[in-house]
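*Asks:* Starting off with a structure, shown below.
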Amino acid sequence: MDGSDFRQAISQFASGVTVVTARAGGRSFGMTLSAMTSLSVEPPTLLICVNRRVPTEQAITASCVFAVNVLADYQERLARKFAKPADDKFDGVDVEFTRHGVPLLRGALAHFECTVRERMSGGSHSIFIGHVDAARVYDRRPLVYHGAGFGDFNGRVRSAIPIPDYVPPPNGVGAFFSS
């Protein structure tokens, strides 16, 4: 099968948008990722797939910890920022840090703090199975990715709409879960 045919077909699968973050060697790393899913509730486990050529994969491999930041509908700029190579993707980004020093993106819909339990090879990617050590959920709406564009949960694609420089996060108190 041709790779471009596969990419076109798989782009029809709507997904949430996440930024996976890690920290290694005193530096923070992150990348936009749609290849994330829950694997198990007992124990709480996530599965992520990360291209082995990107620095974030190497940071996760080295540190054995990572965070998944599920983006809210107003965070398209962050999705685009973390999708591109850059020396410091965190420049100008509001973050807090986990107890392991992994950056969490403020304003996200949800955060998952994970410890790597297993790493496998899957073609050009590493498949990480992470035990969820803590999770937080906030009262926000999800950013959705479909057909190579960003939109909201109602299916409105916003890629053609100009994105303002700053959109304040909605008010709301988040919930915190920990295992």
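*Asks:* Using the Karplus curve 6.51 cos²θ - 1.76 cosθ + 1.60 with θ = phi - 60°, work out ³J(HN,Hα) for each residue of region 27-44 in order, rounded to whole Hz, and write x for Gly and Pro.
*Replies:* Residue by residue, region 27-44 yields 10, 9, 10, x, 7, 6, 8, 10, 8, 9, 8, 6, 10, 7, 8, 10, x, x Hz.
*Asks:* Further question: Taking H placed 1.01 Å from N in the peptide plane, check which residues at least 5 places from D133 or on another chain put their amide H under 5 Å from its amide H.
*Replies:* Amide H neighbours of D133, under 5 Å, 5+ apart: E113, C114, T115.
*Asks:* First obtain the Kirkwood hydrodynamic radius of region 42-107 from its Cα pairs, then insert it into the Stokes-Einstein equation at 4 °C and 1.567 mPa s, and state the resulting D in µm² per second as a whole number. Don't jump to the answer; show the numbers that get you there.
*Replies:* Numbers: Rh = 13.5 Å.
Value of D from the Cα-based Kirkwood radius: 96 µm²/s.
*Asks:* Ranked from highest to lowest mean number of other Cβ atoms within 10 Å per residue, what is the order of the peptides 123-130, 36-43?
*Replies:* Values: 123-130: 17.2, 36-43: 11.9.
Result, highest mean first: 123-130, 36-43.
*Asks:* Also, I was wondering about something else. Using 0.36 nm per residue, how much length does the chain from R77 to R7 gain when fully extended, once their Cα-Cα distance is taken away? Intermediate values should be presented prior to the final figure.
*Replies:* On the way: separation 70, 0.36 × 70 = 25.20 nm, distance 2.26 nm.
Length gained, R77 through R7: 22.9 nm.
*Asks:* I need the phi-derived Karplus couplings for region 131-143: 6.51 cos²θ - 1.76 cosθ + 1.60, θ = phi - 60°, integer Hz, Gly and Pro marked x.
*Replies:* 6, 7, 7, 7, 9, 10, 10, 10, 7, 9, 9, x, 7
*Asks:* Calculate the translational D of region 1-101 in whole µm² s⁻¹ from Stokes-Einstein, where the hydrodynamic radius comes from the Kirkwood formula applied to all Cα pairs, the temperature is 4 °C and the viscosity 1.567 mPa s. Please report the intermediate quantities before stating the final value.
*Replies:* Details: Rh = 14.9 Å.
So the translational diffusion coefficient is about 87 µm²/s.
*Asks:* P(r) tail for region 3-47, what percent of Cα pairs lie past 17 Å? Display every interim value, and only then the final one.
*Replies:* On the way: 559 of 990 pairs.
Tail fraction, whole percent: 56.
*Asks:* Please list the non-local residues whose amide H lies under 5 Å from the amide H of F97, H modeled 1.01 Å from N, same-chain partners needing a gap of 5 or more.
*Replies:* Those lying under 5 Å, H to H, from F97 are L104.
*Asks:* When ranked by the protection proxy of mean other Cβ atoms within 10 Å per residue, highest first, what sequence do the peptides 90-99, 107-116, 21-30 form?
*Replies:* Numbers: 90-99: 12.8, 107-116: 21.7, 21-30: 20.0.
Result, highest mean Cβ count within 10 Å first: 107-116, 21-30, 90-99.
*Asks:* Give me Rg/Rg_expected for region 35-149, where Rg uses Cα atoms only and Rg_expected = 2.2 N^0.38 Å with N residues.
*Replies:* 1.04
*Asks:* Once you have the Cα-Cα distance between D88 and D139, take 0.36 nm times their residue separation minus that, and quote the gain in nm to one decimal.
*Replies:* Working: separation 51, 0.36 × 51 = 18.36 nm, distance 2.90 nm.
Taking 0.36 nm per residue and subtracting the Cα distance, the gain is 15.5 nm.
Any read-out appearing in this document is the output of simple, stated calculations on the displayed coordinates, not a laboratory observation. Because the structure is a prediction, the values reported are computed rather than measured. When we count neighbours, we look across all protein chains shown, and the Cβ atoms used for this are built from the backbone with ideal geometry, even at glycine.
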